[in-house]
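Shown next, in structure tokens, is the structure this report addresses.
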Amino acid sequence: MNNLTDQYQESQNGTLAQAQSSREMEEVKGQIFMARQFPRNVFQSEQRILDNCKRPDLAQAAVYSYPRGGTKVEGPSIRLAEVLAQNWGNLAFGVKELEQRPGESVAMAYAWDLETNVRQEKVFTVPHTRKAKGNIKKLEDPRDIYELVANNGARRLRACILGIIPGDIVEKAVEECNRTLQGSNKEPLKDRISKALTAFKDQYRVTQEQIEERMGYNVSAFTERDYADLIKIFTSLKDGMSKPEDWFSKEVKTKQESKLTEAFKEDKTKDTKKESKSEEKPKKDVKADASGQEELTFE
């Protein structure tokens, strides 16, 4: 009896799997058919992308940057990649959780051009752990696991989308975002920099002194370009492309600078004392006596 029940359940599971596979195949065929019936206009797609890049909110989150080998690497962020995919047209993209095992999940990020049948996909494994304050915490809440998989999948999804969209379109979008960012003068630069410093301190515990040390000069000397660089760093931290310690040193050299300042003041005081002593020395006057010879007198 048990054997018959097991066979029945296996046949039912096989039938359901076959039906689901058939349904997914029909959906894919329908997407391909619609893409062939309504192909994209490349020029219109490019214009839609550039129009979206003129929005200040998107421009602020469009480019990330992170340090590598003593240089700075920049590129389009996840938010910009999503806008590219949405406006390019006939592009299927997303992140799927393929399997959830005890302690880890197997997921796949993909981007598929339905017109040209070009596909990019990345399969990856996400352990159900999170590092906090030097300790590794095991996640058990389904919501925490979902957010962890989504965050890890976002970076793979960005890579898949950028592998489909032509490179010249991506470069034009980044340039348009930079122009929008530099021309965004709704409020004074001083106020915008103040808000940026507050955001760094509240969300990532990065102080103004750390930012000044990285830039090499005081906040009062920051320009529009420096403000744009701060936004890129903040976007990189927000997207998980880098960590605060990748950008900012934990120990700011304020003490060393104060010592140098005190030494400079001491040297300056010594020089002042020397000058005052030299002024106190008796002056030599040259007078001529009756014989016509010069004699030295000290007043």
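Can you tell me which residues in the range 195-253 are among the polar types (S, T, N, Q) and surrounded by 16 or more Cβ atoms within 10 Å (Cβ to Cβ)? Even if it seems obvious, please write down each step before you answer.
Quick first cut of the range 195-253, residues among the polar types (S, T, N, Q) only: 198, 203, 207-208, 210, 218, 220, 223, 235-236, 242, 249.
Hits for the range 195-253 are Q208, Q210, T235, S236, S242.
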**Message:** So the check is Cβ under 9 Å with 6+ separation or different chains; which pairs have a first residue in the range 134-146 that's more than 14 Å from G103 (Cβ to Cβ) and a second one that's of a type outside the set (S, T, Y) and at pLDDT 90 or above?
**Reply:** Y146/E97
**Prompt:** Does at least one position in the range 92-113 carry a residue that is outside the structural domain of S236 (by TED's automatic domain parsing), crowded, with 18+ Cβ neighbours inside 10 Å and not in a strand (DSSP E or B)?
**Reply:** no
**Message:** Take residues that are of a type in the set (A, V, I, L, M) and tell me which of the helices (runs of 4 or more DSSP H) falling wholly in the range 142-235 contain 3 or more.
**Reply:** 142-164, 167-182, 189-204
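Only residues that are part of a strand (DSSP E or B) and of a type in the set (G, A, S): list them for the range 121-141, please.
First, the residues of the range 121-141 that are part of a strand (DSSP E or B): 121-127, 129-132, 135-138.
Within the range 121-141, just A132 meets the criteria.
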**Residue check, A150 under 17 Å from L84 (Cβ atoms), modelled with pLDDT of 90 or more and not assigned by TED's automatic domain parsing to the domain that holds K238** = no
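Here's the yes/no breakdown for (1) in contact with a helix residue (DSSP H, G or I) (Cβ under 8 Å, 6 or more places away or on another chain); (2) under 24 Å from F248 (Cβ atoms):
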position	(1), (2)
N152	no, no
I169	yes, no
G183	no, no
K190	no, yes
Y204	yes, yes
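The values are calculated or read from the model by the stated rules, or taken from the named source; none is laboratory data. None of the values given here were measured: they were computed from a predicted structure. Positions of Cβ are backbone-derived with ideal geometry, glycine not excepted, and every protein chain shown enters the neighbour counts.
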